[in-house]
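Working notes, structure below.
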C-alpha cells in the first residue's frame, strides 16, 4: 500500500476530470479537486463531500503550488493543454511530485518531451503526457504488439468509433490547436499530407472493413520517442470524423449510472517487420470514460515506484505494456494481443 494516496486532479469538474475523480475514489485514493473555475469546483465538491477543493489558475504559480500541496501526483485533465501543460508541469517540478495528463494534442505532448526531460530526470520525477485513450492506449498496444522485436519496419494505428459526440473541452481544444498534424516517416516527424491519405481498413468485429482517413493524435509523438520504427501512421474511420467536424453534433450523454455514453470504440494496432505482422486490439465503451482507468492506473503505478525510469516518458517506455493492458482487462477494456 502506498503511504500517500492523494492525487490532485486539475480540471476535476470537466467531463473527463469527473471520471478521473470517480475512478480514484473507487480505488480508495483521495482526489484534491482543482481547476480554474471556482464555481464549478464548488459544485463538484458539493457532490463529493469531504474532498479538498482548491481553485488554481495557470497564470498564478502560487495557487498551483497550493493545489499540489500534500499530493503525491497530479493528473491534468484541463485542456487546451497547449495552455495548461507547461505551468502545471512547472508546479509539479517545484513540488517534486509526478505529473500525468490526458492530452490528445501533439504540440502539447511534444513540448513536454522537449522542454522538461532533463529537469524532470534531475528531480527524480516522472512526467507522462497523453496517458489517455489518445496517446497512451495506442502506445501500450504498439509496444505489446512489438513484443521481443528490437525494431520494426512500420506501425499503423487504426481507430474505429461508431460515433463521436465531442465534449465542450474537445470543441475548445479544436479551435485552439490549429497546428498541422504530424506523422512519423523516414525516422522523423513530418507534416501529415494535405489532404490526408485515405485507404480501406479491415477492422476486427464489430466494425469490419471501412474507409479510413489519416488522423493523428499524441500517440505519434509518444511512440516515436521510444520504439525504433521508421514509419508510424494513424487512421480513423469516417463517421466519427464527420461527427466531430459538424458543429451541430451534440455532446455525449450518459447511458448508465457510471456516466458512460453508449459510444463503442476499437483500436487496432499492427506492427510489421519484413513479411511478419503482429496485431494488438482493444475494444470498449466511451473514449472519455475509459481514459480515467488508464491514467489512474498509471498514476497508481508511478506513485508506487513501479515506473522503469524518471523524466518525461511514454506509457510503453515506462510500464510493462502487456501487464498494464491486462490490468484493464476485462473491466475497462477487452484486449487481444496476437
Helix 291-303 versus the longest principal axis of the chain: what angle, 0 to 90°, nearest 10, using Cα atoms? 70
Per-q log10 I(q)/I(0), the stretch 1-159, q = 0.14 Å⁻¹ (Debye; single scatterer per alpha-carbon; no solvent): -0.71
Computed over the stretch 46-97, the ratio Rg/Rh where both radii use C-alpha atoms and Rh is Kirkwood: 0.97
Full-extension gain in nm, residue 241 to residue 42, via 0.36 nm per residue minus C-alpha separation: 68.1 nm
In degrees between 0 and 90, to the nearest 10, how far off the longest principal axis of the chain does helix 81-95 point, with axes built from Cα atoms? 50
Sorted peptide list for 184-190, 224-230, criterion being average Cβ within 10 angstrom, highest first: 224-230, 184-190
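Please report, in whole Å³, the volume per residue of the convex hull around the C-alpha atoms of the stretch 188-338.
155
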What whole number of Å gives the distance from the Cα centroid of the stretch 108-132 to the Cα centroid of the stretch 192-206? 31
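Full-extension gain between residue 194 and residue 213, please, as 0.36 nm times their residue separation minus the C-alpha to C-alpha distance.
5.7 nm
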222 nm mean residue ellipticity, helices alone, for the chain (DSSP H n ≥ 4; -39,500 (n - 2.57); rounded to 500): -10500 deg cm²/dmol
How big is the gap, in Å, between the Cα center of the stretch 210-224 and the Cα center of the stretch 259-338? 15
Under a plain spin-label model, where a point goes 7 Å from the Cα along Cα-to-Cβ, how far apart in nm are residue 171 and residue 117? 3.8
The simple spin-label model distance between residue 255 and residue 96, using points 7 Å out along Cα→Cβ, in nm, is 4.8
FRET efficiency, 1/(1 + (r/R0)^6) with R0 25 Å, evaluated for residue 275 and residue 308 via beta carbons: 0.20
For 262-275, 197-210, 12-25, 322-335, ranked highest to lowest by mean beta-carbon neighbours within 10 Å, the order is 12-25, 262-275, 322-335, 197-210
With just the Cα atoms defining each centre, how far is the stretch 47-80 from the stretch 136-176? Give it in Å. 28
Treat the count of other C-beta atoms within 10 Å as a stand-in for reagent exposure and order 320, 211 from fewest to most. 211, 320
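Every number here is computed from the coordinates shown, using simple stated rules; none is lab data. Please read all numbers here as calculations on a predicted model, not as lab measurements. Glycine also receives a Cβ, built like all others from the backbone with ideal geometry; neighbour counts cover every protein chain displayed.
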